[in-house]
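For reference, the structure discussed in these notes is given below.
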Amino acid sequence: MTDSPDRPFRILVVDDDEAVRGVHTRLIRRLGHEVETAADGLEAVTLLPLEFDLIMLDAEMPNMDGFEAAERIREDPANRHIPILMVTGLVGSEHRKRALSVGINDFVSKPFDLDEFALKAKWLLPLKRAYDELQEHRASLEEQVRERTEALRRALEAMAVSERQTRRAYQETVRRLMVMAEYRDADTGGHIDRIGRYSEILARALDLEPEKRNLIREAATMHDIGKVAIPDTILFKPGRLDEEEWVIMRSHTTKGAQILQGSESPLIRMGATIALSHHERWDGRGYPSGLAGSDIPLESRICAVADFFDALTMNRPYRGAVPVEEVVHMMAEERGAHFDPDVLDVFMGVRGEIEAVRSGVAV
């Protein structure tokens with residue numbers, strides 16, 4: 001019910017005596033209230049959807065007396081805050097206890113005394129109106145919360161779309177950077193894709209959180225971006241490199257980091273880290289910085305395992321592909337030397353997945 005401070009209170013008078021109902025109606029209307037009537041408890045229950053601010057129940061009625069009617073009214077949670085006055089000549093404590101137990105709020109003596117009714121209605125009716133206003137306020141707040149929650153949901157969805165678009169832009173940038181290398185080496189494109197997928201498998205097996213797995217998958221593809229700065233005469237030399245050439249070749253780590261450094265993107269920053277340190281060794285004998293153990297970033301330790309396996313099992317200008325079993329044996333011998341023992345153990349555990357990607361079986 002929509003309440004207004006100026007709205008008259010609506011009162012339901014329930015009595016089986018038509019003459020009594022008429023008297024009560026006239027007297028209550030003199031107080032400025034609106035009145036509906038019911039001939040017994042059954043009829044009163046059917047009228048409840050009309051919404052009332054107070055119900056006057058005669059105690060003794062046929063079909064359904066006032067006690068039963070009050071009990072039925074209170075069964076519906078929506079009616080539990082409607083004040084009920086029982087009009088009764090019953091004065092025994094047992095009757096009053098029963099009335100209170102079924103939800104009667106107070107009593108009015110029979111014969112009906114208007115002054116007594118007015119005094120009791122004076123505090124019961126404002127309580128009912130205050131409760132109704134509180135319910136309306138609560139409903140209004142709930143609607144505001146619902147509307148704002150919906151607005152927040154839409155904003156979060158828009159943010160998620162924006163983040164996905166931004167991430168795709170990052171990935172597109174990475175791919176375009178890699179195209180430069182792909183043009184120079186027919187197998188580089190396949191290699192960088194496999195490294196990303198191998199690294200993701202290893203990251204998942206290491207129980208890294210999904211966001212970091214995804215970053216590692218994309219960032220690992222940037223591990224050799226620095227090779228775009230290496231002269232073709234060195235990069236594609238069919239024989240072994242001399243010492244001076246090795247110095248230049250090893251500079252692809254620092255050059256790659258220089259290409260990628262300074263970005264605010266977590267993806268590009270991780271790519272710079274991997275580009276710089278994927279040739280570091282667990283025993284500290286790697287390059288360019290001679291980092292050892294856990295000082296080497298985890299993503300670089302992951303990429304080192306993935307890169308070693310893929311690089312040796314693919315054809316290169318200066319050698320043919322090494323058989324998989326031989327490469328795996330070499331890697332096992334380098335556990336704790338070249339490779340992080342934990343990462344290598346994980347590699348051995350997911351070797352089937354890795355080889356499925358290499359053979360093109362995995363999607």
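The values are calculated or read from the model by the stated rules, or taken from the named source; none is laboratory data. Given the structure is predicted, the values throughout are model-derived calculations rather than measurements. Here the Cβ positions follow ideal geometry from the backbone for every residue, glycine too, while neighbour counts run over all protein chains shown. Each accessible area value is taken on the protein alone, full model and side chains, heavy atoms only, with ligands, DNA and RNA left out. Shrake-Rupley method; radii C 1.70, N 1.55, O 1.52, S 1.80 Å.
Out of all the residues in the stretch 228-287, which are more than 30 Å from Q165 (Cβ to Cβ) and of a type in the set (A, V, I, L, M)?
A229, I230, I234, L235, L241, V247, I248, M249 - these are the residues of the stretch 228-287 that are more than 30 Å from Q165 (Cβ to Cβ) and of a type in the set (A, V, I, L, M).
Considering every residue within the stretch 64-72, establish whether at least one is under 16 Å from D113 (Cα atoms), part of a helix (DSSP H, G or I) and at pLDDT below 90.
Checked the stretch 64-72: no residue is under 16 Å from D113 (Cα atoms), part of a helix (DSSP H, G or I) and at pLDDT below 90.
Go through (1) open to solvent by 50 Å² or more (accessible area, probe 1.4 Å); (2) over 21 Å from F347 (Cβ atoms); (3) not in a loop (DSSP other than H, G, I, E, B) one by one and return the number of the condition R240 breaks.
So R240 meets the others, but not (3).
What is the residue count in the stretch 191-207 for residues that are open to solvent by less than 30 Å² (accessible area, probe 1.4 Å) and either among the small types (G, A, S) or within 29 Å of the chain's Cα centre (by Cα) (or both)?
Of the residues in that region, 5 qualify.
Inside the stretch 246-363, counting only helices (runs of 4 or more DSSP H) that do not spill past its ends, which hold 1 or more residues that are of a type in the set (D, E), over 20 Å from R217 (Cβ atoms) and modelled with pLDDT of 95 or more?
Output list reads 324-333, 341-349.
Scan the stretch 222-230 and give yes if some residue there is in a helix (DSSP H, G or I), farther than 19 Å from F308 by Cα and either touching a Lys or Arg at 6+ places or on another chain (Cβ under 6 Å) or touching a residue at least 24 places away in the same chain (Cβ under 8 Å) (or both), otherwise no.
Taking every residue of the stretch 222-230 in turn, at least one turns out to be in a helix (DSSP H, G or I), farther than 19 Å from F308 by Cα and either touching a Lys or Arg at 6+ places or on another chain (Cβ under 6 Å) or touching a residue at least 24 places away in the same chain (Cβ under 8 Å) (or both).
Spot the failing condition for D342; the list is (1) open to solvent by 70 Å² or more (accessible area, probe 1.4 Å); (2) within 29 Å of G239 (Cα to Cα); (3) not basic (K, R), and only one is missed.
Going through (1) open to solvent by 70 Å² or more (accessible area, probe 1.4 Å); (2) within 29 Å of G239 (Cα to Cα); (3) not basic (K, R) one by one, D342 breaks only (2).
So which of L31, L100, L85 is closer than 26 Å to R129 by Cβ, aliphatic (A, V, I, L, M) and without any contact (Cβ under 8 Å) to a residue 12 or more places away in the chain?
L100
Taking the conditions exactly as written (open to solvent by less than 60 Å² (accessible area, probe 1.4 Å) and part of a helix (DSSP H, G or I)), does R129 satisfy them or not?
Considered against the rule, which asks whether it is open to solvent by less than 60 Å² (accessible area, probe 1.4 Å) and part of a helix (DSSP H, G or I), R129 comes out as yes.
A quick yes/no check of all residues on (1) of a type in the set (D, E, K, R); (2) touching a helix residue (DSSP H, G or I) at 6+ places or on another chain (Cβ under 7 Å):
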position	(1), (2)
I248	no, yes
T253	no, yes
G271	no, yes
W282	no, yes
P288	no, yes
R301	yes, yes
D310	yes, yes
M314	no, yes
E333	yes, no
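Rundown of residues vs (1) farther than 15 Å from V13 by Cα; (2) part of a loop (DSSP other than H, G, I, E, B); (3) in contact with a Ser or Thr (Cβ under 6 Å, 6 or more places away or on another chain); (4) acidic (D, E), yes/no style:
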{"position": "I28", "(1), (2), (3), (4)": "no, no, no, no"}
{"position": "L42", "(1), (2), (3), (4)": "no, no, no, no"}
{"position": "V45", "(1), (2), (3), (4)": "no, no, no, no"}
{"position": "H81", "(1), (2), (3), (4)": "yes, yes, no, no"}
{"position": "L85", "(1), (2), (3), (4)": "no, no, no, no"}
{"position": "P111", "(1), (2), (3), (4)": "no, yes, no, no"}
{"position": "D115", "(1), (2), (3), (4)": "yes, no, no, yes"}
{"position": "L125", "(1), (2), (3), (4)": "no, no, no, no"}
